[in-house]
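Let me begin by presenting the structure, written as structure tokens, before commenting on it.
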Amino acid sequence: MIIKNENKGQGSIEFLFLISFSIVTVLLMANFLGNIYDFNLAILAAKNGINPGLNAGRISVLEESAYDKYKINNTVLIHPNSIKIVKIETINRGFDDRYNKTSIQIRVYASSTSLISREDMVSIGEKINFSLRKSITLAFNTNNLSNGLYNPCFSKKHLYTTANVQWV
């Protein structure tokens with residue numbers, strides 16, 4: 001009796017299935033990890049950008065007339081003050097059809113013992129948010145996609161906006 005070997009191609013087909021499954025898995029993971037990398041890089045840039053915003057009032061170079069006006073209206077902001085960043089919060093606001101990107105809102109929580117007036121807090125908060133947004137655009141080289149205030153700012157896959165700084 002002669003026995004025929006009918007499974008000569010079985011190993012090759014299983015190998016091809018394994019390779020194709022691996023390729024699909026790697027491509028799906030690459031897309032997912034790309035989104036995470038994009039988000040993490042933006043948050044790191046935002047954290048890095050907060051420091052220039054905190055120090056902006058103390059290291060600005062102004063003309064004498066502008067400095068005098070600034071000194072009269074914002075006396076607290078030209079002297080060293082202690083501002084502590086408590087936390088940075090991100091809120092996923094869903095997909096924005098206008099920009100074809102996922103919209104993320106960044107909210108900074110800060111505290112200070114030296115800032116008393118609401119106007120000073122708003123002024124420092126605006127500087128913090130401006131520096132934060134500018135840092136994100138510089139990290140992704142997308143400063144040409146936004147306006148002079150970098151609002152909104154963009155990464156490769158996300159759109160970032162900032163809420164008013166919350167003082168706690």
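Brief remarks follow.
- Asn51 vs. criteria of a type outside the set (Ser, Thr, Tyr), at pLDDT below 90 and in a helix (DSSP H, G or I): yes
- Residue identified as closer than 18 Å to Tyr37 by Cα and of a type in the set (D, E, K, R) among Lys134, Lys127, Lys156, Lys87: Lys156
- Candidates in the stretch 100-126 are the residues that are surrounded by fewer than 16 Cβ atoms within 10 Å (Cβ to Cβ) and assigned to a loop (DSSP other than H, G, I, E, B); of these, the one that is modelled with the highest pLDDT is Asn100.
- Test: residue in the stretch 74-85 that is modelled with pLDDT of 85 or more, surrounded by 14 or more Cβ atoms within 10 Å (Cβ to Cβ) and within 30 Å of Lys134 (Cβ to Cβ): yes
- Which numbered condition Asn144 fails, given (1) touching a Gly at 6+ places or on another chain (Cβ under 9 Å); (2) over 17 Å from Asn51 (Cα atoms); (3) not charged (D, E, K, R): (1)
The values are calculated or read from the model by the stated rules, or taken from the named source; none is laboratory data. Not measured: the values here are computed from a predicted model. Cβ sites come from the backbone with ideal geometry, for glycine too, and all protein chains shown count toward neighbours.
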